[in-house]
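Written out below as structure tokens is the structure these notes cover.
The values are calculated or read from the model by the stated rules, or taken from the named source; none is laboratory data. Here the structure is a predicted model, which is why all the values come from computation and not from measurement. Reconstructed Cβ throughout: ideal geometry from the backbone, glycine too, with neighbour counts over all protein chains shown. We work out accessible area using only protein heavy atoms, side chains counted, and drop any ligands, DNA or RNA first. Shrake-Rupley method; radii C 1.70, N 1.55, O 1.52, S 1.80 Å.
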Amino acid sequence: MAGVSLQHIDKIYPGNVKAVDDFTLEIEDREFIVLVGPSGCGKSTTLRMVAGLEEISGGELRIDGKLVNDVPPKDRDIAMVFQNYALYPHMTVYDNMGFALKLRKFPKDEIDRRVKEAAQILDISHLLSRKPKALSGGQRQRVALGRAIVRDPKVFLMDEPLSNLDAKLRVQMRAEITKLHNRLKTTFIYVTHDQTEAMTMGTRIVVMKDGIIQQVDTPKNLYDYPTNRFVASFIGTPQMNFFRVKLEAGGGSVHAVFGENRIRIPAPKLQKFISDSYIGREVIMGIRPENIHDEESFLNDAPDACIEATVELAEQMGSETYLYLRTTGKDDNVIARVDPRSTSRVGETIRVGFEVAHMHFFDAETEKTILDK
Amino acid sequence: MYLDHHVVAMIDRALSKIDMNIMVLDTNGQVILPEDNKREFTIPEAIRTNPTKPLVYGGFTLIGTEGAQPLYLVLPGDSVDVSNCAVLAAELVNMLTRVDLPHADREQTYRCILREDVEGTELEALASEHDIRMDVPRQVFLVNIANVDAETALAILNGAISEEEDTVVEMDRHTVALIRQSSEAPDMDEAEQFAQALINTFENETGQAVSVGIGEVKTSLNAIADSFEETKRALNVGRIYRNQSRVFVYHKLLLERFLDEVPVEMQLKYNQAMFNRKTARLFNEEMLHTIDKFFENSLNLSETARQIYIHRNTLVYRLDKVQRQIGLDLRSFDYAVTFKMMMLLGKNGQERGGKIR
């Protein structure tokens with residue numbers, strides 16, 4: 001068990017390509033931290049630097065308080081679970097799990113104890129004599145986890161360990177890994193490009209883009225208070241709808257105007273716009289699909305927050321319906337997640353209302369959030 | 001010539017007594033001693049032609065050892081004394097590296113077979129002496145151990161193999177061959193799994209990225225030298241054309257092997273017809289990554305969009321942009337193949353590590 005401290009970490013490849021830029025993060029002991037971001041954002045490189053598989057170009061990395069920049073991987077007391085959970089096909093599950101300990105010349109009875117203990121934790125004791133060929137994908141993934149557990153590391157590092165599994169198994173293994181974290185009470189650093197994985201597993205999430213940390217926060221805060229447009233768009237499925245709007249004052253109120261649509265800005269949000277001189281300027285307005293409604297009662301209650309739109313597509317998901325809407329002032333579709341009992345039909349022009357309390361506003365140039373938490 | 005790390009250490013000890021700062025190069029000119037020197041030199045043709053005769057070259061004296069694949073010794077100085085010293089040093093290395101075939105151990109025997117230093121009845125006699133069966137399916141894996149020291153690499157590989165059936169053979173400073181034997185025809189998927197598991201073990205234990213070439217299965221001992229050649233070819237071709245991977249299977253690299261046969265000038269000519277100054281902005285890193293992923297997912301739009309975390313429409317927009325500018329619709333199989341080949345042709349000019357010979 002240990003905390004991990006990354007201070008101003010850089011990774012620069014030959015040709016001055018900066019893969020990770022000034023990465024600073026304190027990971028608490030027993031925390032489950034998830035690094036998430038699109039391909040090429042530097043999340044795997046960061047993890048590999050913690051593992052010692054990539055040289056650190058600048059900054060300081062500490063595990064359990066000790067500077068480990070130049071410590072070889074085997075002496076860092078970490079265990080890595082890779083994306084490809086390759087097992088030795090000719091070895092039994094037992095031998096696969098104990099292999100790293102055998103290489104380190106652990107006594108046989110100690111190997112036996114650790115393998116059996118890990119197998120029990122993962123509920124694979126009955127598979128110990130089997131060869132990988134006789135295992136399902138999920139069972140193989142458990143064995144790969146077992147290989148890491150037997151090393152009894154201070155920190156577990158996982159690089160997209162579920163990406164080779166099918167969708168159903170991914171969901172199942174997601175829960176298994178969360179349970180494992182609770183059981184082992186050890187620090188986990190987990191890399192994924194899947195925001196659902198990040199949201200469901202992490203105690204804190206680090207969102208990265210182009211080698212730079214965009215935001216570090218709890219899943220709920222990331223969703224409710226994204227610090228910039230990138231985070232807002234990356235977290236949430238379907239993603240947040242964005243509108244380029246002009247803030248127009250008149251008649252004692254302020255409206256966000258796009259195309260022929262006008263949304264009245266609620267009073268609590270106004271102060272910040274006024275103090276930062278946003279009135280009369282263009283900003284980016286964001287609203288999540290679930291904050292757009294087509295129920296009559298909502299539309300009656302919020303007449304100043306409604307727009308007219310044509311339904312281009314309606315996707316029935318069972319528990320909800322996604323409406324793909326076309327309106328003026330926006331090139332692409334507006335997506336609304338509405339009640340499955342919605343009566344809106346394809347081709348109809350309907351009114352939809354925005355939950356103004358859940359609207360986000362971003363600076364049109366910097367794309368940073370305008371409103372405070 | 002093969003030199004295992006024990007022999008290198010012996011040569012190092014012996015030559016250090018001569019106190020002449022002697023450099024030892026392998027047949028290809030790569031420095032073997034001193035061990036921290038990673039350079040590669042071009043061996044002058046005159047010494048290649050007549051290796052055992054000392055040659056004075058740019059203030060140094062060069063001499064080669066005996067055999068079809070000689071080692072070369074480089075001594076500073078060009079006097080007669082240095083020349084005499086070179087002859088003595090070369091003879092010393094000859095003595096230390098000579099393999100006495102009748103007394104060769106099992107590993108040395110396999111090494112000679114892989115190098116095709118032994119064949120016919122001599123091979124059969126050696127095989128019989130070491131209980132090596134002649135006709136059983138075998139497959140060679142060649143591990144490029146990069147900067148991992150030989151002792152560590154051998155410990156990992158010997159731990160990973162099936163002791164009764166497989167053999168680990170150190171081939172040179174950077175490569176170790178693994179001969180896997182099976183009573184039934186080996187499964188290629190399992191072979192890849194095994195190679196990937198080895199790579200993961202090396203990463204976890206040493207922090208080094210090794211790569212593995214996998215040859216074809218051969219049913220006769222005589223033919224494993226061919227499997228060994230295939231592993232070298234797979235490693236050399238794979239790291240040019242599939243530089244994101246580290247497991248290279250010979251039989252899966254047919255297209256890449258074919259392209260590698262095309263003269264470099266012609267490769268560049270065709271590559272530049274598509275990737276040039278006019279298209280440099282279009283084919284930026286992001287676009288190439290998108291296209292790579294699109295091909296990797298067998299032209300599946302939805303899956304590609306999901307994997308690179310963009311909207312499907314964004315992907316369609318990017319592919320439309322390519323079509324508008326170069327006239328190839330990458331969603332069509334024929335055009336995708338054309339583009340893929342042109343893209344691969346450009347990879348031969350990119351920087352990479354030394355070739356495995």
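Computed quantities for the displayed model
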quantity: Between A and B, accessible area buried - total, square angstrom, nearest 100, 1.4 angstrom probe; calculated: 2400 Å²
quantity: Computed FRET value (nearest 0.05) for B:D226 with A:L299, which takes r as the C-beta separation and R₀ as 60 Å; calculated: 0.20
quantity: Gyration tensor verdict on the stretch B:5-97 (Cα atoms; rounded if a/c is under 1.5, prolate if a/b is larger than b/c, oblate otherwise); calculated: rounded
quantity: B:D36 versus B:E116: modelled label distance in nm, points set 7 Å from Cα along the beta carbon direction; calculated: 3.9 nm
quantity: Part-to-part distance (alpha-carbon centres) for the stretch A:28-51 and the stretch B:24-61, which is given in Å; calculated: 46 Å
quantity: Per residue value of the accessible surface for the protein assembly as shown (all protein chains in place, 1.4 Å probe), Å²; calculated: 47 Å²
quantity: Protein accessible area in the stretch A:1-92, 1.4 Å probe - carbon and sulfur %; calculated: 46 percent
quantity: Peptide B:198-209 - average C-beta neighbours from other chains (10 Å radius); calculated: 6
quantity: Angle between chain A longest axis and helix A:108-122 axis [Cα atoms, degrees, rounded to 10]; calculated: 30 degrees
quantity: Residue-averaged [θ]222 nm for chain A, counting only DSSP H segments that reach four residues, each worth -39500 (n - 2.57); calculated: -8000 deg cm²/dmol
quantity: Cα gyration tensor, chain A - rounded (a/c under 1.5), prolate or oblate; calculated: prolate
quantity: Rounded to 5, percent antiparallel among DSSP beta bridges of chain B; calculated: 90 percent
quantity: Gained length - B:T314 relative to B:H6, 0.36 nm times residue gap less alpha-carbon distance; calculated: 105.1 nm
quantity: Fraction of beta bridges assigned by DSSP in chain A that are antiparallel (%, nearest 5); calculated: 75 percent
quantity: Positions from the stretch A:90-114 whose accessible area shrinks by 50 Å² or more when the full protein complex is built, not the chain alone, probe 1.4 Å; calculated: A:H90, A:L103
quantity: The stretch A:96-244, accessible surface, carbon-and-sulfur percent (1.4 angstrom probe); calculated: 50 percent
quantity: Angle between chain B longest axis and helix B:224-241 axis [Cα atoms, degrees, rounded to 10]; calculated: 50 degrees
quantity: Computed E for B:D187/B:S298 - FRET, C-beta separation, R0 30 angstrom, nearest 0.05; calculated: 0.80
quantity: Calculated FRET efficiency for the pair A:A357/A:K185, C-beta based, R₀ 30 Å, to 0.05; calculated: 0.20
quantity: Cross-link pairs beyond the 32 Å C-alpha cut-off, checked among A:K133/A:K168; A:K11/A:K246; A:K102/A:K168; A:K116/B:K232; calculated: A:K11/A:K246; A:K102/A:K168; A:K116/B:K232
quantity: Taking the stretch B:135-257 and dividing mean pair separation by its residue count, relative contact order in percent (alpha carbons under 8 Å, at least six apart); calculated: 32 percent
quantity: Relative contact order [Cα under 8 Å, 6+ residues apart], chain A, whole percent; calculated: 15 percent
quantity: Length-normalised contact order of the stretch B:5-97 in % [C-alpha pairs under 8 Å, at least 6 apart]; calculated: 25 percent
quantity: Rounded, prolate or oblate (a/c below 1.5 giving rounded, otherwise prolate when a/b exceeds b/c) for the stretch B:246-295 by Cα gyration tensor; calculated: oblate
quantity: Cut-off 15 Å (backbone N to label point 7 Å along Cα→Cβ of B:N94), residues of the stretch B:21-57; calculated: B:50-55
quantity: Pairwise label distance in nanometres, B:Q244 with A:N221, each label 7 Å out on the Cα-Cβ vector; calculated: 3.5 nm
quantity: Distance between modelled label sites at A:V171 and A:T328, nm, 7 Å Cα→Cβ extension; calculated: 4.2 nm
quantity: Theoretical gain in end-to-end length, A:S275 to A:S253 [0.36 nm per residue, Cα-Cα removed]; calculated: 6.4 nm
quantity: B:R233 accessible area, assembled protein chains, probe 1.4 Å, Å²; calculated: 70 Å²
quantity: Solvent-free Debye scattering, log10 I(q)/I(0), computed from the Cα coordinates of the stretch B:91-164 at q = 0.16 Å⁻¹; calculated: -0.78
quantity: Acute angle (nearest 10 degrees) that the helix B:120-129 long axis makes with the longest principal axis of chain B, alpha-carbon atoms; calculated: 80 degrees
quantity: Magnitude of the charge dipole, the stretch B:5-97, Cβ model with Lys/Arg +1 and Asp/Glu -1, debye to 20; calculated: 60 debye
quantity: The stretch B:245-357, accessible surface, carbon-and-sulfur percent (1.4 angstrom probe); calculated: 51 percent
